[in-house]
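K.L.:
One structure, pasted below without further comment.
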Amino acid sequence: MELKPPELEWLNSKIPFSKKYEDRYYSDENPLEECKHVYLNPNGLANRWTTSTEKRFIVAEIGFGFGLNFILTAALHAEHGIDKQLHYIAFEKSPPTQKQAQKFFKNFPELKSLSHVLLNKLPKLISGCHRIKFSENITLDLHYGDVKDEISDFDLRNLKISAWFIDGFSPTTNPSIWTNFICKKISQFSRHGTTLSSYSAAGSFRRNLKTNGFEVEKSSGFGRKRHMTVAKFIANYEAPRSQAKIENTTDSVAVIGAGIAGCAAAFSLAKRDISVQLFESQEHDLTRISLLALRPRLFKDISTESEFFLHSYLYAGSQLDLHSIDRDIGWNKTGVIQLERALNKRTNISQENYRAIYPNSVFHTLTKKQAKDLSKLNLSRGGLYFPDGGFVKTGELCSFYLDDNKITKNYSSPVHSIEYSNGTWTLYSSSQNTIAQVKTVIIANSHSLTQFNQTEFLPISITHGYSNWFQKDQKQDEPNQVICGEKTIFPSTSFEGKGHLVAATYEKFLSESSKLKAVKENLTGANRVFTNQSFLLNRIKGSESGTRCGTPDRVPYIGRVPNIALATKELAHLRRNAKAKFNITEQCFWPNLYITAGHGSNGLSTGSFGAEIIASIINQEPSPVSKRHSNLLCPSRVIIKSLKKQRI
């Protein structure tokens, strides 16, 4: 998952030169004018933005490099005061470090206002898609990794690229991005009128473009370079389909459930100027537990699952940091120390195993002494330290999410059932009274899955738990980080008088006897974190109960909800041959019905990322996850597995 930054030389202290590809990133004459001449002007961006009726313009770049083409495109977009959304998608195999990027952009003080934003938001060097909200009208999706792998799994759905920038290293030293395979992928994501430009005028590249439907011209290159390539996609022309039906789905959205996942979904939609009605069966703040820790769920192998959970953690952390700049949203970036054999893991995974998978930027390994030095506490063992982790005050974060006039909050409003007819979803109360009628519904309450006819086939596991507030021994130092051992101990910095929250037990049912038993279990489990095992005193300052809702495979349900009857019929051949190829068509899903549920103990990270995924689908945007990740999350996996095992 970790990528290596480029090995660079600097020409004239200004132009980066790749040692691996023996090629410079930009012309040494004038990089800014070169980018404008090769990419911005040939694609006619300014004119197309002002004359197009599309609500979104998508630029894709192969070879992001230091991001100069993106910064100049963003500057042009701002200069012309364009209101429509610019979605910039870039592929990069060897992204520079922040230090390398800072050195490069120091040479261009005229770009400081924009390059400063990019530098502050550059992601870690980890493969996969990193979504960056660059400004109110500009979204940047950085796909880190080999372009052949990333573009093969690229999920653009029914959208098409408006303009391509092909800016990789020379075809002589880096032939892989100029091949017929890549050009075929480019054509698949293009439509009639899509433009393309590149500094390279290599014959094989131009022939590959022509073979795949582009009308190709040689044009005057920049500076000492004689020629460059300018192209337009003309093959397979189809009249544009009406977008009215799709756009209408954003007219009104109902979100059922006001937990982290539901509030995050409402927030993501409202930021896209989409009106939301939020429905919650309980009173305001009644069922939320006070604190949630942000840390990644770790795996012993690289897989689609491990990639998704890591990117969820990275995305959630970046969003919490971003929104905390201007106001207090309840986010405390304290770091998290996870001790060996923490969180009741059945099998202990060694630090070396984790280290082989995850980069240093995600966590540091700690010996017992290092853990003690970092925490200033007598911890009983070493473990892992997540510097970007921390905790949130759940109520404050949810209040921030819902602080938007696009969101109408309906508490004590349980939704008993939903029905679809003639393009509209109707929400009913238990007495079958109509609560609301909307175009789109998001089910974000795991407790409701078996209650709704549309989702009753989805298995969900429900466990309860008690957390307790304890006072510590006054002789002991205050913990500054979240400590995850057998139990999770939160710092008390922001909770004067309440002490430390310790989370949490696992209970099948909540009862007075289990509540009393939980006090001893939480106190004993928390104190085992420390060598003297008497850090916390048996002085309870409060108790809380919460519910975890997970899935059998421990992966949340995120995406569109399939119609089990239609999907079962279409995929019936899987009963006979579990290895047979299959494709789930559009007709197998309920129209405009989505789900984000079953997040278990990872809801702070996966709930935030899931909200962005669903909002992107509803608002007809490129997906922030690949096809394999979408398939991993889609509830249709339950139907597919059941058919293969002949359970249905």
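K.L.:
Please count how many residues of region 372-400 are surrounded by 18 or more Cβ atoms within 10 Å (Cβ to Cβ) and either over 25 Å from residue 297 (Cα atoms) or of a type outside the set (A, V, I, L, M) (or both).
P.N.:
Of the residues in that region, 14 qualify.
K.L.:
What number goes with the only condition from (1) open to solvent by less than 10 Å² (accessible area, probe 1.4 Å); (2) touching a residue at least 40 places away in the same chain (Cβ under 8 Å); (3) touching a Phe, Trp or Tyr at 6+ places or on another chain (Cβ under 8 Å) that residue 108 does not pass?
P.N.:
Here residue 108 meets the rest and fails (3).
K.L.:
Being touching a Leu at 6+ places or on another chain (Cβ under 9 Å), among the polar types (S, T, N, Q) and at negative phi narrows it down to one of 306, 324, 350, 318, so name that one. Break it down stepwise before answering.
P.N.:
Values: 324 fails: touching a Leu at 6+ places or on another chain (Cβ under 9 Å); 350 fails: touching a Leu at 6+ places or on another chain (Cβ under 9 Å); 318 fails: touching a Leu at 6+ places or on another chain (Cβ under 9 Å).
Being touching a Leu at 6+ places or on another chain (Cβ under 9 Å), among the polar types (S, T, N, Q) and at negative phi holds for just one of 306, 324, 350, 318, which is 306.
K.L.:
Okay, next question. Need at least 1 residues that are surrounded by fewer than 17 Cβ atoms within 10 Å (Cβ to Cβ) and not acidic (Asp, Glu) per element, so show me which strands (runs of 3 or more DSSP E) inside region 428-527 make the cut, counting only ones lying wholly within it.
P.N.:
434-438, 461-472
Matching residues to (1) open to solvent by 50 Å² or more (accessible area, probe 1.4 Å); (2) within 21 Å of the chain's Cα centre (by Cα):
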| position | (1), (2) |
| --- | --- |
| 42 | no, no |
| 50 | yes, no |
| 68 | no, no |
| 73 | no, no |
| 80 | yes, no |
| 122 | no, yes |
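K.L.:
Okay, next question. Of 36, 4, 55, 20, which residue is open to solvent by 40 Å² or more (accessible area, probe 1.4 Å) and in contact with a helix residue (DSSP H, G or I) (Cβ under 7 Å, 6 or more places away or on another chain)?
P.N.:
Checking each option against the conditions leaves just 36.
K.L.:
Another one. Residues in region 75-83: is at least one under 24 Å from residue 188 (Cβ atoms) and touching a helix residue (DSSP H, G or I) at 6+ places or on another chain (Cβ under 8 Å)?
P.N.:
No, that holds for no residue.
K.L.:
Hey, does region 318-341 have a residue that's assigned to a helix (DSSP H, G or I), among the hydrophobic types (A, V, I, L, M, F, W, C) and touching a helix residue (DSSP H, G or I) at 6+ places or on another chain (Cβ under 9 Å)?
P.N.:
yes
K.L.:
Quick check on residue 620: is it at positive phi, open to solvent by 40 Å² or more (accessible area, probe 1.4 Å) and in contact (Cβ under 8 Å) with a residue 12 or more places away in the chain? Can you show your working first?
P.N.:
Numbers: at positive phi: yes; open to solvent by 40 Å² or more (accessible area, probe 1.4 Å): yes; in contact (Cβ under 8 Å) with a residue 12 or more places away in the chain: yes.
It is true that residue 620 is at positive phi, open to solvent by 40 Å² or more (accessible area, probe 1.4 Å) and in contact (Cβ under 8 Å) with a residue 12 or more places away in the chain.
K.L.:
Also: For region 495-549, give me each residue that is out of contact with any strand residue (DSSP E or B) (no Cβ under 8 Å at 6 or more places or on another chain) and closer than 25 Å to residue 376 by Cβ.
P.N.:
Of everything in region 495-549, those that are out of contact with any strand residue (DSSP E or B) (no Cβ under 8 Å at 6 or more places or on another chain) and closer than 25 Å to residue 376 by Cβ turn out to be 496, 524, 528, 532, 533, 534.
K.L.:
Related question: Would you pick out the residues in region 554-576 that are over 22 Å from residue 612 (Cα atoms) and either in contact (Cβ under 8 Å) with a residue 12 or more places away in the chain or under 30 Å from the mean Cα position of the chain (by Cα) (or both)? Step through it out loud before you land on a result.
P.N.:
If we filter region 554-576 for residues that are over 22 Å from residue 612 (Cα atoms), which is where we start, we get 563-576.
Matches in region 554-576: 563, 564, 566, 567, 568, 570, 571, 572, 574, 575.
K.L.:
Residue under question is residue 614, and the condition is that it be β-branched (Val, Ile, Thr), touching a Phe, Trp or Tyr at 6+ places or on another chain (Cβ under 6 Å) and in contact (Cβ under 8 Å) with a residue 60 or more places away in the chain; does it hold?
P.N.:
Judged against the criteria, residue 614 is a match.
K.L.:
A further question on this structure: So residue 188 ticks every box in (1) open to solvent by less than 10 Å² (accessible area, probe 1.4 Å); (2) under 27 Å from residue 44 (Cα atoms) but one. Which box is left unticked?
P.N.:
So residue 188 meets the others, but not (1).
K.L.:
Quick one: in region 82-104, of everything that is touching a residue at least 24 places away in the same chain (Cβ under 8 Å) and open to solvent by 40 Å² or more (accessible area, probe 1.4 Å), which residue is farthest from the chain's Cα centre (by Cα)?
P.N.:
103
K.L.:
When you look at residue 27, is it over 19 Å from residue 119 (Cα atoms) and buried (at least 20 other Cβ atoms within 10 Å of the Cβ), yes or no?
P.N.:
Taking the combined requirement at face value, the residue satisfies it.
K.L.:
Which residue is surrounded by the fewest Cβ atoms within 10 Å (Cβ to Cβ), if the candidates are limited to region 587-603 and must be out of contact with any Ser or Thr (no Cβ under 9 Å at 6 or more places or on another chain) and more than 15 Å from residue 633 (Cα to Cα)?
P.N.:
587
K.L.:
Turning to a different aspect of this structure: Of the residues 33, 2, 54, 9, which is farther than 30 Å from residue 192 by Cβ and modelled with pLDDT under 90?
P.N.:
Of 33, 2, 54, 9, the one residue that is farther than 30 Å from residue 192 by Cβ and modelled with pLDDT under 90 is 2.
K.L.:
Run residue 403 past the list (1) open to solvent by 40 Å² or more (accessible area, probe 1.4 Å); (2) in contact (Cβ under 8 Å) with a residue 40 or more places away in the chain; (3) charged (D, E, K, R) and report the number of the one that doesn't hold.
P.N.:
The one condition residue 403 does not meet is (2).
K.L.:
While we're on this one: Quick test for you: out of 584, 558, pick the one residue that is assigned to a loop (DSSP other than H, G, I, E, B), closer than 26 Å to residue 448 by Cβ and either of a type outside the set (D, E, K, R) or open to solvent by 30 Å² or more (accessible area, probe 1.4 Å) (or both). First the steps, then the outcome.
P.N.:
On the way: 558 fails: assigned to a loop (DSSP other than H, G, I, E, B).
From the options 584, 558, the qualifying one is 584.
K.L.:
Here's a check for you: in region 159-181, which residue that is free of Cβ contacts under 8 Å to residues at least 60 places away in the same chain and out of contact with any Gly (no Cβ under 9 Å at 6 or more places or on another chain) is surrounded by the most Cβ atoms within 10 Å (Cβ to Cβ)?
P.N.:
Selected residue: 171.
K.L.:
State the number of residues belonging to region 117-141 that are under 20 Å from residue 56 (Cβ atoms) and hydrophobic (A, V, I, L, M, F, W, C).
P.N.:
The total comes to 5.
K.L.:
Just to check your reading of the model, which residue among 292, 269 is closer than 24 Å to residue 447 by Cα, in contact with a helix residue (DSSP H, G or I) (Cβ under 6 Å, 6 or more places away or on another chain), not in a helix (DSSP H, G or I) and not basic (Lys, Arg)?
P.N.:
292
Yes/no per residue for (1) closer than 13 Å to residue 95 by Cβ; (2) among the hydrophobic types (A, V, I, L, M, F, W, C); (3) not in a helix (DSSP H, G or I):
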{"residue": "114", "(1), (2), (3)": "no, yes, no"}
{"residue": "119", "(1), (2), (3)": "yes, yes, no"}
{"residue": "124", "(1), (2), (3)": "yes, no, yes"}
{"residue": "131", "(1), (2), (3)": "no, no, yes"}
{"residue": "143", "(1), (2), (3)": "yes, no, yes"}
{"residue": "148", "(1), (2), (3)": "no, no, no"}
{"residue": "154", "(1), (2), (3)": "no, yes, yes"}
{"residue": "157", "(1), (2), (3)": "no, no, yes"}
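K.L.:
Right, something else. Give just the number: which of (1) under 22 Å from residue 563 (Cα atoms); (2) open to solvent by less than 10 Å² (accessible area, probe 1.4 Å) does residue 606 not satisfy?
P.N.:
If we test residue 606 against (1) under 22 Å from residue 563 (Cα atoms); (2) open to solvent by less than 10 Å² (accessible area, probe 1.4 Å), just (1) comes out false.
Yes or no, residue by residue, for (1) crowded, with 19+ Cβ neighbours inside 10 Å; (2) closer than 24 Å to residue 379 by Cβ; (3) of a type in the set (Val, Ile, Thr):
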residue	(1), (2), (3)
300	no, yes, no
307	yes, no, no
322	no, no, no
325	no, no, yes
332	yes, yes, no
362	yes, yes, yes
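Okay, residues lined up against (1) modelled with pLDDT of 95 or more; (2) over 32 Å from the mean Cα position of the chain (by Cα); (3) of a type in the set (S, T, N, Q):
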{"position": "154", "(1), (2), (3)": "no, no, no"}
{"position": "159", "(1), (2), (3)": "no, no, no"}
{"position": "186", "(1), (2), (3)": "yes, no, no"}
{"position": "198", "(1), (2), (3)": "yes, no, yes"}
{"position": "214", "(1), (2), (3)": "yes, yes, no"}
{"position": "219", "(1), (2), (3)": "no, yes, yes"}
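The values are calculated or read from the model by the stated rules, or taken from the named source; none is laboratory data. Remember, it's a predicted structure, so these values are computed and weren't measured experimentally. Methodologically, a virtual Cβ is constructed for each residue, glycine included, from the backbone with ideal geometry; neighbour enumeration extends over all protein chains shown. The protein model used for the area step is the full one, side chains on, heavy atoms only, and it has no ligands, DNA or RNA in it. Shrake-Rupley method; radii C 1.70, N 1.55, O 1.52, S 1.80 Å.
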